[in-house]
Amino acid sequence: MLKAVILIGGPQKGTRFRPLSFEVPKPLFPVAGVPMIQHHIEACAQVPGMQEILLIGFYQPDEPLTRFLEATQQEFNLPVRYLQEFAPLGTGGGLYHFRDQILAGGPEAFFVLNADVCSDFPLSAMLAAHRYQPHPFLLLGTTANRTQSLNYGCIVENPQTHEVLHYVEKPSTFVSDIINCGIYLFSPEALKPLRDVFQRNQQDGQLEDSSGLWRGAGTIRLEQDVFSALAGQGQIYVHLTDGIWSQIKSAGSALYASRLYLGQYQLTHPERLAKHYQGGPRIRGNVYIHPTAKVAPSAVLGPNVSIGEGVTVGEGVRLRESIVLHGATLQEHTCVLHSIVGWGSTVGRWARVEGTPNDPNPNDPRAHMDSESLFKDGKLLPAITILGCRVRIPAEVLILNSIVLPHKELSRSFTNQIIL
């Protein structure tokens, strides 16, 4: 039997995802029409022998998360449980803290997936590699260019055996063009090195905490505390993939991930892609439209557009490279490009909402999304435009390269601003 663990983090993470994460936990943000971590769960559920999926994080188990868990269990007929950490425990601390739940039933191995990655999840290929050559740790790796590799965990492998000989998390100089994808397959023996780190933390006296909890000892960083320490000892191996992969750290990267998943739907979920039909809107490229959305027949949608539940799209609207979230309204002849329109927001007639894409270099097959910052030298950098929850944009207004926080009603145009 097999299990899967999805590390969903907590509200103290994902600050670059604001203001979108103000309304919903980042792992539940819709990417290509479904919550971000549903892509992970769908991939895990397709692996033969999968018996249980565990979510580990520091979010409060609120109504949206509970509702998502219930719906997911019904859809996949598979136990999906949330295990809440008593404190943020790092990428490895939750695995050790909930080791009894992970090992219950005696799984042969368990997958570990970071929630904030977009991938085609080659889990079956990883499982085949693990069964052919069992080791405690198997990491999924991909390639990056020399400059961008510095933003990730870098892996030096033996090209014949694929053993990880050296691992450095976000090095200051070039180490390797093979990077860590944040997707792993561990054997039960992988928990022993985590125990060693926990015991070493105890001995080092890392226990002081204002709440009196053992947060210091329980915090374990898989990358620095385990992978770097064990590299070259015959315990960690890498499985390379040339499939789709990207991190989802910011709103801009969520829009890029939506494009990747919509393209993947051609193979995995063609039923989710909108089709052009007589009397319907014009569809260009890959587009997702929720069944409850109302789209005028003269609207032009795509490529890379995702329209959420209860959205209204008026006559003559042009939508491209954008995500429109639950309950939003785009009135007649609006133009929305490279933007995310928040829940319940309204864009008035003839208004234009436009952002600047920050896509990987199309001429470099190893390029990935940059971990972009919003500011440089005190100035807001050009990026996609984000309208927070229940924002109202009046008619004939231009919003360009701006971020509008929730519940704002604008009266004029803005360019390159954060509107508080």
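In the context of the full set of protein chains, residues of the chain present 43 Å² of accessible surface per residue (probe radius 1.4 Å, heavy atoms only). If you take all other residues with their beta carbon under 14 Å from the beta carbon of ILE102, and give Lys and Arg +1 and Asp and Glu -1, the sum is 0. Using the Cβ-Cβ distance between GLN51 and TYR132 with R0 set to 22 Å, the FRET efficiency works out to roughly 0.50. Mind checking the angle between helix 251-268 and the chain's longest principal axis? C-alpha axes, 0 to 90 degrees, to the nearest 10. Between helix and principal axis, roughly 80 degrees. For segment 12-119, with all protein chains in place and a probe radius of 1.4 Å, 48% of the accessible heavy-atom surface sits on carbon or sulfur.
Each part gets one Cα centre, and for segment 258-317 versus segment 93-112 those centres are 40 Å apart.
Tell me the GluC sites (Glu not before Pro) within segment 125-203 that lie in a loop according to DSSP and have at most 10 other beta-carbon atoms within 10 Å. Display every interim value, and only then the final one.
Working: sites: GLU157, GLU163, GLU169, GLU189; in loops: none.
Sparse-neighbourhood loop GluC sites (Glu not before Pro): none present.
Over the chain, dividing the summed -39,500 (n - 2.57) contributions of all DSSP H runs of at least 4 residues by the number of residues returns a 222 nm mean residue ellipticity of -6000 deg cm²/dmol.
Relative to the longest principal axis of the Cα atoms of the chain, the long axis of helix 63-76 lies at roughly 80 degrees. Restriction of the GluC sites (Glu not before Pro) in segment 303-346 to DSSP coil positions whose beta-carbon has at most 15 other beta-carbons within 10 angstrom yields GLU309, GLU315. If you plug the beta carbon distance of ASP100 and ARG146 into 1/(1 + (r/R0)^6) with R0 = 51 Å, you get a FRET efficiency near 0.75.
Taking only the Cα atoms of segment 278-420, the radius of gyration and Dmax are 15.1, 51 Å. Rg of the Cα atoms in the chain, relative to 2.2 N^0.38 Å, amounts to 1.02.
For segment 358-363, the Karplus equation 6.51 cos²θ - 1.76 cosθ + 1.60, evaluated at θ = phi - 60°, returns couplings of 10, 6, x, 4, x, 8 Hz by residue, with Gly and Pro reported as x.
Counting only other residues whose beta carbon sits under 11 Å from that of LEU325, what net charge do I get with K and R as +1, D and E as -1?
-1
Restricting the calculation to Cα atoms, segment 238-343 shows an Rg/Rh of 1.01 when the hydrodynamic-style radius is the Kirkwood one.
Remark on ILE289: its backbone amide H falls under 5 Å from those of ALA274, ILE307, a criterion applied only to residues 5 or more positions apart or on other chains, H modelled at 1.01 Å from N. In the chain, the longest principal axis of the Cα atoms and the axis of helix 36-45 are about 50 degrees apart. Close Lys pairs in the chain (alpha-carbon distance under 15 Å; sequence gap of 8 or more, or different chains): 4. A simple spin-label model places pseudo-atoms 7 Å from Cα toward Cβ; at GLU409 and ALA229 they are separated by 5.8 nm. Only protein heavy atoms count here; under a 1.4 Å probe, TRP343 has an accessible surface of about 40 Å².
The values are calculated or read from the model by the stated rules, or taken from the named source; none is laboratory data. Every value quoted in this text rests on a predicted model; they were computed, and no experiment measured them. Don't worry about glycine lacking a Cβ; one is built from the backbone with ideal geometry, like all the others, and counts go over all protein chains shown. Ligands, DNA and RNA are excluded from the accessible area calculation, which covers all protein heavy atoms including side chains. Shrake-Rupley method; radii C 1.70, N 1.55, O 1.52, S 1.80 Å.
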